[in-house]
Protein chains: 4
Amino acid sequence: MQSRVIITCAVTGNQTTPEMTPHLPITPAQIAEAALGAAEAGAAAVHIHVRDPQSGKPSMEIDHYRDAVERIRAKNQQLIINLTTGPGGRFVPSPDDPKVAAPGTTLMRPEDRVTHIALLKPDIATLDLNTMNSGKQVVINTPENVRRMAAVINAAGVKPEIELFDSGDIALCRDLIADGTLKGPLLCSVVMGVKYGFQPSPETVLYARSLLPPGTAWTAFGTGRSCFPMVAQSYLAGGHVRVGLEDAIFLEKGVLAETNAAMVAKARNIVESVGGEIATAQQAREILSLAV
Amino acid sequence: MQSRVIITCAVTGNQTTPEMTPHLPITPAQIAEAALGAAEAGAAAVHIHVRDPQSGKPSMEIDHYRDAVERIRAKNQQLIINLTTGPGGRFVPSPDDPKVAAPGTTLMRPEDRVTHIALLKPDIATLDLNTMNSGKQVVINTPENVRRMAAVINAAGVKPEIELFDSGDIALCRDLIADGTLKGPLLCSVVMGVKYGFQPSPETVLYARSLLPPGTAWTAFGTGRSCFPMVAQSYLAGGHVRVGLEDAIFLEKGVLAETNAAMVAKARNIVESVGGEIATAQQAREILSLAV
Amino acid sequence: MQSRVIITCAVTGNQTTPEMTPHLPITPAQIAEAALGAAEAGAAAVHIHVRDPQSGKPSMEIDHYRDAVERIRAKNQQLIINLTTGPGGRFVPSPDDPKVAAPGTTLMRPEDRVTHIALLKPDIATLDLNTMNSGKQVVINTPENVRRMAAVINAAGVKPEIELFDSGDIALCRDLIADGTLKGPLLCSVVMGVKYGFQPSPETVLYARSLLPPGTAWTAFGTGRSCFPMVAQSYLAGGHVRVGLEDAIFLEKGVLAETNAAMVAKARNIVESVGGEIATAQQAREILSLAV
Amino acid sequence: MQSRVIITCAVTGNQTTPEMTPHLPITPAQIAEAALGAAEAGAAAVHIHVRDPQSGKPSMEIDHYRDAVERIRAKNQQLIINLTTGPGGRFVPSPDDPKVAAPGTTLMRPEDRVTHIALLKPDIATLDLNTMNSGKQVVINTPENVRRMAAVINAAGVKPEIELFDSGDIALCRDLIADGTLKGPLLCSVVMGVKYGFQPSPETVLYARSLLPPGTAWTAFGTGRSCFPMVAQSYLAGGHVRVGLEDAIFLEKGVLAETNAAMVAKARNIVESVGGEIATAQQAREILSLAV
């Protein structure tokens, strides 16, 4: 078993909507507050997207990222801050001519998806390796464009967290190690439950784990109702854990999570019930070789 | 163990090029000859793409499909004919604006990808469920477009062979069963070795198998040098087998396969060496509930 | 996921000793009290061994079994009572001539190991299929002797719970189904952590599960510090759960469990935290096709 | 994949009987001849039991071992010679009082089971870690007695080959490493098909492999009709291979193997068909760190 378990809280994401839950943090202030609450409940790291404060829709606005980060750092210097680089990767084929982008397409130059990383230099930036169906949209991250994003992340001295949505993404991960784009030991997440990628199960966790490079620090997490079962499963298989309103909105059947902190507290309870010990932010920094 | 093992021969494909091997069948006559030779060597089914006779490049020309099919049927009425529907699904993002299609893009209306199926009514038509990176290109098969292709295949009374390139494709397959697009028992292929999808290994075969609906007839096959190892592995795990110049060009290390028949003969030898019995075309038709 | 999760509490066993924990129930009255407390905390079934009230050592005395059962039944008619048939199966080879039984040997005629079952007709009687090293002793349950014990259990109208300590035991289980000794659907336990049998891990649970006959109701449980992790793992893999002072003495690191009920409560919390619902005794009787 | 595949031929064993096949080598001369023939066909190692030349029954006679070894060494100095230490470990419980040994019991002092190893100093001696049902008999190898046998093998400078019949044996193996009885890197065999131990399947090979200490050279092999399928499976999972009349008597369905060499030739063909290269005896000595 891993000596200490890192809880990451993904506080808002971009798939959860305000219509789904009234408890979703929207403004930078709310996002920072959610992050700080998660930290108090036991999260060593927070994964952050930003939203437009008016519409609540996903945003890539650098000022929002900066505002959220500064608000967190003003109160907590240890908490690991992980910023997403996911937005800007979606393509919606037109029904009559699928090679033409339809509304909803967000695909943009890879360098434009990591501007905030170069500027804000968080501890960690995610790097999605998936090209897949995601609902009615297609997520496209070509190997070449992943390399271009990784170059910016590496140049900023930021540690990438590799997001793995299916087994082929792990094959790409290995090729990126082989060509020097990624330098080990890696930090990886196995995302389960997006349709159509890895689906949550003990088998998936063990299979995905078997494909990871030796020495990888990894987290397997599930979306929706698989969120808490996969907290247990990831820990039992040797991984770290992740929860948060990005991944699920219910604390238990029929009960909306009122805060991200409540989800972290529940994840912590699960891990501790089966014998794990939670990492503080400082311990997590040591595990992940981040600046302390 | 499966009572009888179906060998499918994929005689030409569209990724293998004449520059890679001089033995690739190009014209409809050559493709038919390859299919008939494969049948004599033990294949119960052939999987067919067509090519432009002049350039050798992949083609979607219906006349070539018709020519190949008629040449096969003139000499062999039992052999199961399986036509591809893969072409027409590739998107190449422009380097400077990835939402704009660059040269190499072949993406087209789904109905246009199955015209030959409606006209020629082969025994089987493949139905690719993958959206993924495939080399420097992106293959896009959205759930909606897969449904549109399946509608044409179903209306033609043709059995779809579901092509699964990664675990998420199997999740899509299950959703397509749930909504009635696919009717069981299914015929599925697990494709291993395309970058970036399933990679060939015993673990992959067992994991993919665990995700298939009960009662599925399935084949796991590997590309390149994993071709023959995965013949053995698929059989040992309860599956059928596939070989052919679409998947690999070498018969053994350093020795190009001179014919598809030679690859079938080798696959047959492997299966028989480990205790399997090969299905005749007629037996395969019974196993797959095809017209006899 | 299983619709309802059966918690079995193994309240005293025969490997735990009073020297290891002061909280071990010894007398029939203590054992009954422990069983009833476990039931109140959420256990639908109790697995019972008896002990000599003076020495605290394992006993096969029928009066003790009867006393314990009657005390339970006086207060709770629904709780599923599962009596062990394990004692009487140990052989200790002499150091100088290993074919001669040394002190510690308890091996006896199989019929003598199930006398209490024939007399008391509990809901369930365990049936151990293991022949293995168990510490410095050898447990011997030959196929023939298992058949003789099963004949008595079957004749009493008692449902056997098949105890599986390693993969070969499952092969024996399948042979016992084939020859009619066991009639499905079965109730099986996968015991992990005895040296030298199955060791606790997610892989072991999945592998053992893959070997069970279809339709089997099963519980995988671990001994010692694997007790609570395996509660989570068994549930996540589709199984029921078991805890109790027979299997482990600590509630958490450094904290002895003061009661069996406390262990049940903790197991219940784990299962519910990851989305499971506990079966009442009555629901468990329906799941296992026991008299209601 | 392993760089070179070691074929071991188990030429006679003690479970196969002359009644089962007329081709079983019986006398030391026949055993030596079988070993030399296997070597010519591609075996790098031979696993040897001896038999009583008159009765054909298993023997522990040192003169027979010496005779067989000398006959082999007279013609082939490179072939790896592996002598069994299995005989002397069986216990047959009496029907009426199972703690009393019945006829058929062979259990003896552990030191007496390895006398021939101390005297003849073969390259390798097997060391069985199993306590299990084996047909109607019980095989008993207690941890203590295994340690006593290992002490003699180690003192003779002979490399032990650890025989693993079920997962608990691998747990014992790990404890024997921890206490210094076994020194790595190990040579292990995973025996599949004995009732009641590991049963042959891809899952068993992968599960057993997952339990082995890192760096272990291992062979998984199957008995009876699983013999050749498990040759393929062991190779595909990264293992070496073993065949021979000890494990199976048929070359294919209905066709008795006339020689051990024929079985080796078939195994070699399987391995080479799926891309493996066979190790010479000298290469095998390097892989196993044996005297060259």
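Kindly list, by first and then second residue, each pair from a residue in the stretch B:138-162 that is more than 8 Å from chain A (Cβ to nearest Cβ) and among the β-branched types (Val, Ile, Thr) to a residue that is crowded, with 23+ Cβ neighbours inside 10 Å and part of a helix (DSSP H, G or I), limited to pairs with Cβ atoms under 7 Å and residues at least 6 apart or on different chains.
B:Val152/B:Ile117; B:Ile153/B:Ile117; B:Val158/B:Ile117; B:Ile162/B:Cys173
Tell me whether the stretch A:270-279 contains one or more residues that are open to solvent by 20 Å² or more (accessible area, probe 1.4 Å), in a helix (DSSP H, G or I) and either without any contact (Cβ under 8 Å) to a residue 12 or more places away in the chain or under 17 Å from A:Gly37 (Cα atoms) (or both).
yes
Conditions (1) over 30 Å from D:Gly275 (Cα atoms); (2) in a strand (DSSP E or B), marked per residue:
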{"position": "D:Thr8", "(1), (2)": "no, yes"}
{"position": "D:Gly13", "(1), (2)": "no, no"}
{"position": "D:Pro18", "(1), (2)": "yes, no"}
{"position": "D:Thr21", "(1), (2)": "yes, no"}
{"position": "D:Gln30", "(1), (2)": "yes, no"}
{"position": "D:Ala34", "(1), (2)": "no, no"}
{"position": "D:His47", "(1), (2)": "no, yes"}
{"position": "D:Gln54", "(1), (2)": "yes, no"}
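Is one or more of the residues making up the stretch A:28-51 among the charged types (D, E, K, R) and closer than 30 Å to B:Asp128 by Cα?
Within the stretch A:28-51, not a single residue is among the charged types (D, E, K, R) and closer than 30 Å to B:Asp128 by Cα.
Output the residue which, of all residues in the stretch B:92-110 that are open to solvent by 60 Å² or more (accessible area, probe 1.4 Å) and facing chain A (nearest Cβ under 7 Å), is farthest from B:His49 (Cα to Cα).
In this case the residue turns out to be B:Asp96.
Residues of the stretch A:1-35 being open to solvent by 30 Å² or more (accessible area, probe 1.4 Å), under 27 Å from A:Gln283 (Cα atoms) and at pLDDT 95 or above, which ones?
If the condition is that a residue be open to solvent by 30 Å² or more (accessible area, probe 1.4 Å), under 27 Å from A:Gln283 (Cα atoms) and at pLDDT 95 or above, then A:Arg4, A:Ala29, A:Gln30, A:Glu33 are the ones that fit.
Would you mention how many residues in the stretch B:217-228 are surrounded by 23 or more Cβ atoms within 10 Å (Cβ to Cβ) and either within 11 Å of another protein chain (Cβ to nearest Cβ) or aliphatic (A, V, I, L, M) (or both)?
So the answer is 4.
Does A:Ile170 satisfy being under 17 Å from the mean Cα position of the chain (by Cα), over 22 Å from B:Glu203 (Cα atoms) and crowded, with 20+ Cβ neighbours inside 10 Å?
no
Residues that are under 25 Å from A:Leu290 (Cβ atoms): find the strands (runs of 3 or more DSSP E) completely inside the stretch A:149-258 holding 1 or more of those.
It comes to A:159-164, A:187-192, A:217-222, A:241-243.
Starting from residues that are open to solvent by 50 Å² or more (accessible area, probe 1.4 Å) and within 13 Å of chain C (Cβ to nearest Cβ), keep the ones in the stretch A:252-264 and report whichever is nearest to C:Ala232 (Cα to Cα).
The selected residue is A:Glu252.
I'm trying to understand the selection: among the residues of the stretch D:173-201, which are open to solvent by 20 Å² or more (accessible area, probe 1.4 Å) and touching a residue at least 60 places away in the same chain (Cβ under 8 Å)?
Passing the criteria: D:Pro185, D:Val194, D:Lys195, D:Tyr196.
If D:Arg113 meets every condition in (1) within 14 Å of chain C (Cβ to nearest Cβ); (2) open to solvent by 20 Å² or more (accessible area, probe 1.4 Å) apart from one, which number is that one?
Only one criterion is unmet by D:Arg113, namely (2).
Do we have any residue at all in the stretch B:235-244 that's more than 9 Å from every other protein chain (Cβ to nearest Cβ), crowded, with 22+ Cβ neighbours inside 10 Å and more than 24 Å from B:Ile81 (Cα to Cα)?
no
Tally the residues that are assigned to a loop (DSSP other than H, G, I, E, B), crowded, with 17+ Cβ neighbours inside 10 Å and more than 12 Å from chain D (Cβ to nearest Cβ), restricting the search to the stretch C:116-137.
Total satisfying the criteria: 2.
Take the stretch A:72-91 and flag every residue that is more than 14 Å from chain B (Cβ to nearest Cβ), of a type outside the set (A, V, I, L, M) and either assigned to a loop (DSSP other than H, G, I, E, B) or over 20 Å from the mean Cα position of the chain (by Cα) (or both).
A:Lys75, A:Asn76, A:Gln77, A:Gln78, A:Thr84, A:Thr85, A:Gly86
So which pairs qualify, if the first residue must be in the stretch C:59-76 and within 18 Å of C:Gly89 (Cβ to Cβ), the second must be in a helix (DSSP H, G or I), the Cβ gap must be under 7 Å, and the two must be at least 6 apart or on different chains?
Note: pairs meeting the criteria are C:Ile62/C:Thr115; C:Ile62/C:His116; C:Ile62/C:Leu119; C:Tyr65/C:His116; C:Tyr65/C:Leu120.
Could you tell me which numbered condition A:Ala68 fails, if it satisfies all but one of (1) open to solvent by 10 Å² or more (accessible area, probe 1.4 Å); (2) more than 22 Å from A:Leu176 (Cβ to Cβ); (3) of a type in the set (Gly, Ala, Ser); (4) more than 8 Å from chain B (Cβ to nearest Cβ)?
With (1) open to solvent by 10 Å² or more (accessible area, probe 1.4 Å); (2) more than 22 Å from A:Leu176 (Cβ to Cβ); (3) of a type in the set (Gly, Ala, Ser); (4) more than 8 Å from chain B (Cβ to nearest Cβ) applied to A:Ala68, the lone miss is (1).
Could you check, for the stretch B:202-211, whether at least one of its residues is open to solvent by 10 Å² or more (accessible area, probe 1.4 Å), among the acidic types (Asp, Glu) and away from chain A (no Cβ under 14 Å)?
Within the stretch B:202-211 (the criterion being open to solvent by 10 Å² or more (accessible area, probe 1.4 Å), among the acidic types (Asp, Glu) and away from chain A (no Cβ under 14 Å)), the answer is no, since none of the residues qualifies.
So which pairs qualify, if the first residue must be in the stretch B:281-292 and of a type in the set (S, T, N, Q), the second must be at pLDDT 95 or above and open to solvent by 70 Å² or more (accessible area, probe 1.4 Å), the Cβ gap must be under 9 Å, and the two must be at least 6 apart or on different chains?
B:Gln283/B:Arg4
The values are calculated or read from the model by the stated rules, or taken from the named source; none is laboratory data. For clarity, every value in this text was computed on a predicted model and none was experimentally measured. Please note: Cβ atoms are built from the backbone with ideal geometry, for glycine as well, and neighbour counts cover all protein chains shown. These accessible areas exclude ligands, DNA and RNA; they are computed on the full protein's heavy atoms, side chains included. Shrake-Rupley method; radii C 1.70, N 1.55, O 1.52, S 1.80 Å.
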